[in-house]
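The values are calculated or read from the model by the stated rules, or taken from the named source; none is laboratory data. Just so it is clear, the model here is predicted, and its values are computed rather than measured. Counting neighbours? That spans all protein chains shown, and the Cβs are built from the backbone with ideal geometry, glycine included.
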Amino acid sequence: MLIRHLYYFIALSREGHFAKAAEFCNVTQPTLSSALRKLEDDFGVRLVERDKHFVGLTPEGERVLAWAQQIMSDFESLKDDISIRAEDLKGTLRLGVIPAAMPITGFVTEHFLKVHPAACVEIESMSSRLIQSGLDSLELHGGITYLENEPLKRVNHLPLYRERYVAISKRGHFGAEKPISWQRLEKEPLCLLGPEMQNRRILDEAAKRHGAVLNPQVTANSYLTVFAHVLRGGWVSIVPTTLPELYELESQFELRQIADETTSHAIGLVVPDRQPMAKMTHALFSAFLESNIAQDISRICPPSD
């Protein structure tokens with residue numbers, strides 16, 4: 001069995017198509033199919049359900065996939081570990097970040113690349129549930145997400161700041177009312193993140209505690225879309241204070257504090273809780289521990305408790 005056979009198998013499970021997987025691996029389809037047959041011969045079980053096309057993984061294939069992902073991660077970490085100097089660390093740091101925390105990713109990249117200038121950083125906006133999946137499958141080196149509400153499992157974490165919330169609208173929409181009640185927001189034409197996002201579930205729960213129900217007219221999976229709707233029409237949204245403060249949106253939008261709102265949630269770095277740590281994961285965690293990133297973030301966010 002060769003490492004590249006496991007690599008081909010992982011690619012096939014991800015692409016769900018023999019030709020696409022072969023193209024991704026930069027090999028011919030017969031080469032990929034031959035590698036798959038070799039894996040099945042070595043394990044003595046069928047790993048893939050196939051008709052004329054890829055159908056899916058067998059139960060045994062799912063089990064092999066989990067081990068294959070871990071083996072490939074350890075293999076990549078072993079290669080990286082040969083380079084012991086921080087300035088020699090190469091490769092791509094893969095980071096999953098909830099939409100609410102995207103404004104602080106510039107701080108993360110800045111601090112990490114100061115220590116590891118030869119590395120690259122790949123950041124993807126995703127829900128906390130997808131971050132959990134990415135960490136479990138070792139497709140992510142780390143994530144930035146909520147630490148207290150629906151906390152992730154099997155992770156080590158470092159707190160960064162606390163997220164708080166503000167109502168946002170087109171200028172003049174709220175009139176003289178200050179602050180805005182949840183009951184008023186309940187009656188507004190709302191544009192919010194969809195329920196697959198933890199931020200939305202947090203807002204729904206906060207409104208419920210104050211006797212209100214949020215029924216948005218428009219839902220989205222990015223704050224860029226939310227801001228576009230608020231700016232263009234009469235929609236209202238509820239967003240983390242970091243967003244308008246960092247992007248200086250006060251000149252285009254009207255911001256209102258929410259009455260009696262005490263809700264806040266810790267956001268921080270999470271990495272897989274497994275030893276030994278992947279070289280890139282260890283580099284990320286160490287860069288956070290040894291930096292003043294939390295102080296920098298506190299310029300736009302209240303500090304973490």
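Worth a mention:
- Residue pairs meeting the criteria (Cβ under 8 Å; at least 6 apart or on separate chains; first outside the structural domain of residue 21 (by TED's automatic domain parsing) and without any contact (Cβ under 8 Å) to a residue 24 or more places away in the chain, in the stretch 53-68; second in a helix (DSSP H, G or I) and surrounded by 11 or more Cβ atoms within 10 Å (Cβ to Cβ)): none
- Residue tally, condition closer than 17 Å to residue 15 by Cβ and not hydrophobic (A, V, I, L, M, F, W, C), over the stretch 35-50: 2
- From the list 238, 202, the one residue that fits, being under 30 Å from residue 292 (Cα atoms), of a type in the set (Val, Ile, Thr) and not in a strand (DSSP E or B), is 202.
- Only residues that are among the basic types (Lys, Arg) and surrounded by 13 or more Cβ atoms within 10 Å (Cβ to Cβ) were counted in the stretch 51-67, giving 1.
- Per the listing 177, 163, 196, 186, the residue uniquely surrounded by fewer than 21 Cβ atoms within 10 Å (Cβ to Cβ), of a type in the set (D, E, K, R) and touching a strand residue (DSSP E or B) at 6+ places or on another chain (Cβ under 8 Å) is 177.
- Some residue of the stretch 170-189 being aliphatic (A, V, I, L, M), outside the structural domain of residue 126 (by TED's automatic domain parsing) and under 26 Å from residue 130 (Cβ atoms): no
- Flag for residue 33 being closer than 21 Å to residue 137 by Cβ and not aliphatic (A, V, I, L, M): no
- Test: residue in the stretch 141-163 that is assigned by TED's automatic domain parsing to the domain that holds residue 233, more than 15 Å from the chain's Cα centre (by Cα) and more than 19 Å from residue 103 (Cα to Cα): no
- The stretch 250-262 residues that are under 15 Å from residue 203 (Cβ atoms) and surrounded by 14 or more Cβ atoms within 10 Å (Cβ to Cβ), paired with ones that are modelled with pLDDT under 80 and hydrophobic (A, V, I, L, M, F, W, C) (beta carbon under 8 Å, 6 or more apart): none
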